[in-house]
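For reference, the structure is listed below as structure tokens.
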Amino acid sequence: TGRQAIDESLFDELEEALIGADVGVETALELMETLRRQVKERKVKDPAQLKPLLQELIQGILSAGESSLNRGGPPTVILVVGVNGVGKTTTIGKLAHYFKSRGERVILGAADTFRAAAIDQLEIWSRRVGVDVIKHKEGSDPAAVAYDALQAARARKMDMVIIDTAGRLHTKSNLMDELKKIRRVLGRELRGAPHEVLLVLDATTGQNAISQARLFGEATGVTGIVLTKLDGTAKGGVIIGISRMLKVPVKFIGIGEGVEDLRPFDPQEFVAALFEI
Amino acid sequence: MQETFRKLKSKGRLTEADVDEAMKEVRRALLAADVNFQVVKTFVARVKERAVGQDVLSSLTPAQQVIKIVRDELAGLMGGTQSKLNLAPKPPTVVMMVGLHGAGKTTTAAKLANLMRKQGRRPMLVAGDVYRPAAIKQLQVLGEQLGIPVFSMGDRHTPVDIARAAVEHAVKQGRDLVIIDTAGRLEINEEMMAELEALKAAVRPHEILLVVDAMTGQVAVNIAETFNKRLGLDGVVLTKLDGDTRGGAALSIKAVTSCPIKFVGVGEKLDALEPFHPDRMADRILGM
Ligand SMILES: Nc1nc2c(ncn2[C@@H]2O[C@H](COP(=O)(O)OP(=O)(O)OP(=O)(O)O)[C@@H](O)[C@H]2O)c(=O)[nH]1
Ligand SMILES: Nc1nc2c(ncn2[C@@H]2O[C@H](COP(=O)(O)OP(=O)(O)OP(=O)(O)O)[C@@H](O)[C@H]2O)c(=O)[nH]1
Ligand SMILES: [K+]
Ligand SMILES: [Mg+2]
Ligand SMILES: [Mg+2]
């Protein structure tokens with residue numbers, strides 16, 4: 001803002017903006033260190049250059065992984081995991097719509113057999129989108145549902161099967177074991193399955209998302225992230241640290257509760273929004 | 001953080017430089033716990049002001065003294081224990097659950113009904129979320145699990161009409177506690193926030209509870225501030241504290257609303273609701 005020279009207060013402002021966007025203090029400090037180094041190396045004198053340089057830096061981190069969906073099978077098997085209430089079931093509805101409208105044959109598996117009315121919720125979404133859902137009754141074994149969904153997908157020659165799971169906190173090892181079992185069952189039935197394990201992260205979440213990504217990653221081999229609720233005021237900056245440390249790419253973002261409110265992740269757009277107040 | 005404090009131990013007294021060094025670590029710890037950066041700034045400045053120039057108590061080392069000041073300030077900010085609902089002088093007491101999507105409103109409504117019944121109340125749950133797929137069914141299933149009645153009019157009426165009818169029904173049925181579930185909404189969604197204001201005007205709740213996910217990051221401040229400004233919150237419930245989050249959102253919310261955090265959610269089961277303990281929360285945020 002009309003500054004003549006690059007001074008410390010300018011770095012401080014940027015650091016604050018990063019922290020305010022949930023980038024986290026560790027990652028923010030490292031980014032600022034790299035930025036300082038680059039300013040020196042490239043002999044940058046113009047204060048107006050600082051922010052674009054930082055944005056470029058972050059974009060580089062976020063663009064590292066493969067952003068398109070892993071395919072396999074057929075059917076491509078997608079397992080959706082995450083902590084409670086982040087938007088898994090809603091994202092599955094949107095994903096089904098996204099791929100169906102691109103001409104793919106999609107079926108869903110209601111493997112959240114635990115949360116009250118989770119199956120009904122997925123069914124409403126399936127009707128909205130016009131795809132089938134394979135379900136058992138509440139309280140049944142989620143791995144058995146996943147197995148049946150995959151069987152149905154093969155029998156009906158589907159291109160894609162997307163499996164919903166119950167929300168669970170990553171620190172609960174018995175519940176994480178349940179996800180491992182679902183994974184095992186799918187892999188035994190179809191080589192390479194699940195081809196994509198999508199971890200849903202809520203953009204409103206702060207630094208705990210790092211722990212979520214780490215532990216879900218260890219238990220289920222997460223291959224991609226969906227960052228939801230970006231239509232709110234939260235920026236979701238924590239995924240920068242996650243991308244840097246865990247090298248898991250963000251594949252989609254959620255921007256609302258509607259069926260169309262899903263977008264492929266665009267690092268450039270994300271970084272621009274990161275600095276908007 | 002405790003490492004830095006250990007270094008202080010060897011010295012005879014607290015210098016300003018010592019306090020500065022310690023405060024740098026306090027700042028980092030609070031930010032790592034997701035306390036809002038503005039809140040951290042104010043907090044650190046206040047602690048520093050108190051610490052420098054204060055006599056070190058003879059019973060404490062300088063490090064212990066700094067830790068004591070930080071913890072005292074933090075616990076003070078968090079307020080005392082207050083996990084009682086405002087009860088209506090003339091029943092029924094009307095409680096309204098509000099908050100962002102997926103925060104835990106529906107589950108907490110059921111947990112609260114369960115807790116209050118144990119305290120001798122006759123609760124009724126109200127399905128006021130007419131938007132989210134299967135939200136009504138979710139509340140009905142929870143009500144059934146508890147054996148607590150759920151009032152619903154389907155999803156073709158406005159939440160205001162539903163809530164009005166629900167309160168009337170509760171009076172007839174001799175229910176002395178009405179807990180209204182509402183749909184998740186963004187604090188920046190004008191239309192949806194106006195709906196809550198209309199709901200408040202229609203049923204004049206004795207208690208409006210903001211339900212917040214304990215894992216919430218920097219925006220906890222915006223959320224709490226906006227909901228409080230528009231509705232006048234009576235209390236906050238912090239959910240999902242059964243995980244490993246440090247829960248700095250608690251401090252952010254207290255700092256901007258000075259509204260009491262009344263309960264914490266510590267699991268998905270319907271008995272996993274506990275009173276809020278400020279001192280425990282302060283230690284959790286500091287990672288001690
Ligand atoms: N504003 C907004 N709301 C969203 C978005 N994605 C999901 N939601 C809402 O978030 C809430 C939780 O979504 P769900 O899909 O039920 O989340 P979940 O992860 O399946 O939840 P559990 O199964 O209970 O763990 C719902 O109210 C959704 O409508 C989004 O991108 N933006
Ligand atoms: N581990 C844990 N899970 C919780 C807690 N409270 C709620 N949940 C879970 O969080 C998820 C979301 O809870 P809901 O009660 O549906 O949240 P909501 O605010 O009503 O969601 P919307 O109506 O979609 O806005 C569900 O999976 C709940 O089981 C808690 O204290 N601990
Ligand atoms: K949430
Ligand atoms: Mg779900
Ligand atoms: Mg709800």
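Bear in mind these aren't lab numbers, they're just calculated from the coordinates by the rules spelled out. Model, not experiment: these values are computed from the prediction. Here the Cβ positions follow ideal geometry from the backbone for every residue, glycine too, while neighbour counts run over all protein chains shown.
Quick one: longest stretch of chain B between exposed loop trypsin sites (Lys or Arg not before Pro), exposed meaning at most 15 other C-beta atoms within 10 Å and loop per DSSP? That gives B:157-268 as the longest site-free run. Extending 7 Å from Cα along the Cβ direction at B:Lys229 and again at B:Val171 yields two label points whose distance is 3.5 nm. Exceedance of the 23 Å cut-off in Cα-Cα distance is limited, within the set A:Lys137/B:Lys118; B:Lys105/B:Lys262; A:Lys94/B:Lys137, to A:Lys137/B:Lys118.
If you take all other residues with their beta carbon under 15 Å from the beta carbon of B:Leu210, and give Lys and Arg +1 and Asp and Glu -1, the sum is +1. Expressed as an acute angle from 0 to 90° and rounded to the nearest 10, what is the orientation of the C-alpha long axis of helix A:208-220 relative to the principal long axis of chain A? Roughly 40 degrees, rounded to the nearest 10.
Look at the dipole of chain A built from charges on Cβ: of A:Gly224, A:Ser67, A:Leu150, the Cα furthest out on the positive end belongs to A:Leu150.
Among beta bridges identified by DSSP and lying wholly in chain B, the antiparallel ones come to about 10 percent. Legend: ranking of residues B:Met215, B:Met96, A:Met158 from fewest to most surrounding C-beta atoms inside 10 Å; resulting order A:Met158, B:Met96, B:Met215. Between helix B:62-78 and chain B there is an angle of about 20 degrees, using the helix long axis and the longest principal axis of the Cα atoms. Fully extending the segment from A:Phe275 to A:Glu13 would add 93.2 nm, taking 0.36 nm per residue of separation and subtracting the current Cα-Cα distance.
Counting neighbouring beta carbons within 10 Å and listing from fewest to most, the residues A:His170, B:His277 come out as B:His277, A:His170.
Here's the picture: a label point sits 7 Å out from the Cα of A:Glu189 along the beta-carbon direction, and within segment A:103-118 the residues with their amide nitrogen under 16 Å of it are A:106-113.
With the convex hull drawn around the C-alpha atoms of segment A:1-57, the volume per residue stands at 73 Å³. Taking each residue as 0.36 nm, the span from B:Ala201 to B:Lys84 lengthens on full extension beyond its C-alpha to C-alpha distance by 39.8 nm.
For segment A:1-85, trypsin sites (Lys or Arg not before Pro) meeting the loop criterion (DSSP other than H, G, I, E, B) and having at most 15 other Cβ atoms within 10 Å: A:Arg3, A:Arg42, A:Lys43, A:Lys45, A:Arg71. Loop exposure criterion: GluC sites (Glu not before Pro), DSSP state outside H, G, I, E and B, at most 13 other Cβ atoms within 10 Å. Applied to chain A, the longest stretch between such sites is A:67-259. Taking 0.890 mPa s as the viscosity and 25 °C as the temperature, the Stokes-Einstein diffusion coefficient of chain A based on its alpha-carbon Kirkwood radius rounds to 125 µm²/s.
Placing pseudo-labels 7 Å out from each Cα toward the beta carbon at B:Ser59 and A:Lys40 gives an inter-label distance of 4.9 nm.
Within straight-line reach of A:Lys40, meaning a Cα separation under 18 Å, sit the following lysines at least 8 residues removed in sequence or on another chain: A:Lys51.
Centre-to-centre, using Cα atoms only, segment A:168-212 and segment A:87-148 are separated by 16 Å. The alpha carbon gyration tensor of segment B:78-200 gives principal lengths a ≥ b ≥ c with a/c below 1.5, which makes the shape rounded. By DSSP, the beta bridges lying fully in segment B:156-288 are antiparallel in about 25 percent of cases. Helix B:159-173 versus the longest principal axis of chain B: what is the Cα-based angle in degrees, 0 to 90, to the nearest 10? It is inclined by approximately 70 degrees. Beyond 31 Å, the tail of the calculated P(r) for chain B holds 34 percent of the Cα pairs.
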